[in-house]
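The values are calculated or read from the model by the stated rules, or taken from the named source; none is laboratory data. No experiment lies behind these values; they were computed from the predicted model shown. When we count neighbours, we look across all protein chains shown, and the Cβ atoms used for this are built from the backbone with ideal geometry, even at glycine. We work out accessible area using only protein heavy atoms, side chains counted, and drop any ligands, DNA or RNA first. Shrake-Rupley method; radii C 1.70, N 1.55, O 1.52, S 1.80 Å.
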Amino acid sequence: MTSTDAPAAIAPAPPVLAEVVRSGFTEGHHRGSLVLLAADGSVERTLGDHDAPVFPRSSNKPMQAAAILRAGLELSGERLALAAASHSGEPFHLELVAKMLAEHGLSAADLRTPPDLPLDPVAAEAYLAAGNVRERITMNCSGKHAAMLAVCVRNGWDTASYLDPAHPLQLLVGQVVAEAAGEPVAAVGTDGCGAPLMAIGLTGLARAFRSFVLAEPGSAERRVADAMRAHPEYVAGTRRPDTWLMTEVPGTLSKMGAEAVQAVALADGRALAFKIDDGSVRALGPVLARALELLGVDAPVVSRIGRAPLLGGAVEVGEIRATF
């Protein structure tokens, strides 16, 4: 750099959303960005760069499921909820994925998910104790992939290339994501399950969830929202915050994504979305609980979601807590 060159601008660090407190000492911080929308869709509060594109990861799954419906696959109830799921790999999840595949002349061998263990630690221990190994069907996105394969069979589309970004299904997914978010897709990447992944801003993500709960009854978007809310245990699992929230706060649509992304819409259109910058899921609960409080949600489940104790010698000695 010469003496006449101006120094490069340094982007400010995202604000701290949560702190790690052990034995009264703050030993760490989790930074990130967040947006809250009022019932009328206006931005009520923001932290960090809420419009910068992020990969929503599995928080995009409701839009992917809506695209599958728009492409003509008839799904409802638990099957539609599972198409939008990051399931825990509990037996009832795996049984329904297998049924969905078989109903369309498919098998687990057609899935292009990476082999994995159940997402839920309790389910994973039981799965391994039974002598099982990592399988494609056990991966938490297998319900979505089963639905993607099924709609390809229905439309005569190639099933071997269903994860190609240029595949007709994935092009439709991109359209649905952009429409729901009210903004163009900023980038296309590859998710952990191998599916194309569309980047949008957190405000767009919150708008998308809001649009699903307020969509016209019978529309693809509303059908997805209704199925997820009616069968939340298929969207996540019996020991997951998304399930607790959709069960205990009627009308709520909630979906987390990898790398500590979360989106929620309440029945009246209030909505939130956030991403913890370092991707640490351990801070997700406290941040989500505080964001729900700021949206005015007053329910016992909020405290349950927000509890994140730290242990020392098997004794609780601290906590992860929101800072905003």
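Please verify whether Arg270 is out of contact with any strand residue (DSSP E or B) (no Cβ under 6 Å at 6 or more places or on another chain) and basic (Lys, Arg), treating the condition exactly as stated. For Arg270, the condition - out of contact with any strand residue (DSSP E or B) (no Cβ under 6 Å at 6 or more places or on another chain) and basic (Lys, Arg) - is met. Under 19 Å from Ala108 (Cα atoms) and under 15 Å from the mean Cα position of the chain (by Cα), is that true of Tyr234? Yes. Taking the condition part of a helix (DSSP H, G or I), within 14 Å of Val235 (Cβ to Cβ), modelled with pLDDT of 95 or more and of a type outside the set (Phe, Trp, Tyr), does Leu75 pass? Spelling it out, it is not the case that Leu75 is part of a helix (DSSP H, G or I), within 14 Å of Val235 (Cβ to Cβ), modelled with pLDDT of 95 or more and of a type outside the set (Phe, Trp, Tyr).
Residue check: is Arg57 of a type in the set (Lys, Arg) and either on the phi < 0 side of the Ramachandran plot or surrounded by fewer than 22 Cβ atoms within 10 Å (Cβ to Cβ) (or both)? Considered against the rule, which asks whether it is of a type in the set (Lys, Arg) and either on the phi < 0 side of the Ramachandran plot or surrounded by fewer than 22 Cβ atoms within 10 Å (Cβ to Cβ) (or both), Arg57 comes out as no. Put simply, of Ile68, Ile137 the only residue that is surrounded by 21 or more Cβ atoms within 10 Å (Cβ to Cβ), assigned to a loop (DSSP other than H, G, I, E, B) and among the hydrophobic types (A, V, I, L, M, F, W, C) is Ile137. Set side by side, the residues Ala98, Ala52 differ, and just one is surrounded by fewer than 18 Cβ atoms within 10 Å (Cβ to Cβ), more than 21 Å from Asp242 (Cα to Cα) and within 20 Å of the chain's Cα centre (by Cα), which is Ala52.
Tell me which of these Leu106 doesn't satisfy, since it passes every other one: (1) in a helix (DSSP H, G or I); (2) among the aliphatic types (A, V, I, L, M); (3) open to solvent by 10 Å² or more (accessible area, probe 1.4 Å). With respect to (1) in a helix (DSSP H, G or I); (2) among the aliphatic types (A, V, I, L, M); (3) open to solvent by 10 Å² or more (accessible area, probe 1.4 Å), Leu106 is out only on (1). Checking each residue in the stretch 45-84 for being of a type in the set (D, E, K, R) and touching a residue at least 12 places away in the same chain (Cβ under 8 Å) picks out Arg45, Asp49, Asp51, Arg57, Lys61, Arg70, Glu78, Arg79. When we screen Glu78, Glu44 for residues that are surrounded by fewer than 22 Cβ atoms within 10 Å (Cβ to Cβ), more than 17 Å from Gly201 (Cβ to Cβ) and acidic (Asp, Glu), the only hit is Glu78. For Ile10, the criteria (1) open to solvent by less than 70 Å² (accessible area, probe 1.4 Å); (2) not polar (S, T, N, Q); (3) not in a strand (DSSP E or B) hold in every case but one, which is (1).
You will find that of Val188, Val177, Val153, the residue that is more than 30 Å from Glu44 (Cα to Cα) and among the β-branched types (Val, Ile, Thr) is Val153 and no other.
The residues listed here are Val281, Val302; of these, the one that is β-branched (Val, Ile, Thr) and closer than 28 Å to Ala199 by Cβ is Val281.
Among the residues of the stretch 285-310, just one is touching a Gly at 6+ places or on another chain (Cβ under 9 Å), outside any helix (DSSP H, G or I) and touching a residue at least 40 places away in the same chain (Cβ under 8 Å), namely Leu310.
One residue stands out among those in the stretch 109-126 that are part of a helix (DSSP H, G or I) and open to solvent by 40 Å² or more (accessible area, probe 1.4 Å): the one that is nearest to Val151 (Cα to Cα), which is Asp110. When the residues of the stretch 176-235 are filtered to those that are touching an Asp or Glu at 6+ places or on another chain (Cβ under 9 Å) and polar (S, T, N, Q), the one that is surrounded by the fewest Cβ atoms within 10 Å (Cβ to Cβ) is Thr203.
Can you confirm whether the stretch 149-164 contains a residue that is under 20 Å from Leu73 (Cα atoms), within 20 Å of the chain's Cα centre (by Cα) and not in a loop (DSSP other than H, G, I, E, B)? No, every residue in the stretch 149-164 fails to be under 20 Å from Leu73 (Cα atoms), within 20 Å of the chain's Cα centre (by Cα) and not in a loop (DSSP other than H, G, I, E, B). Does Leu101 satisfy being modelled with pLDDT of 95 or more and assigned to a loop (DSSP other than H, G, I, E, B)? In short, no.
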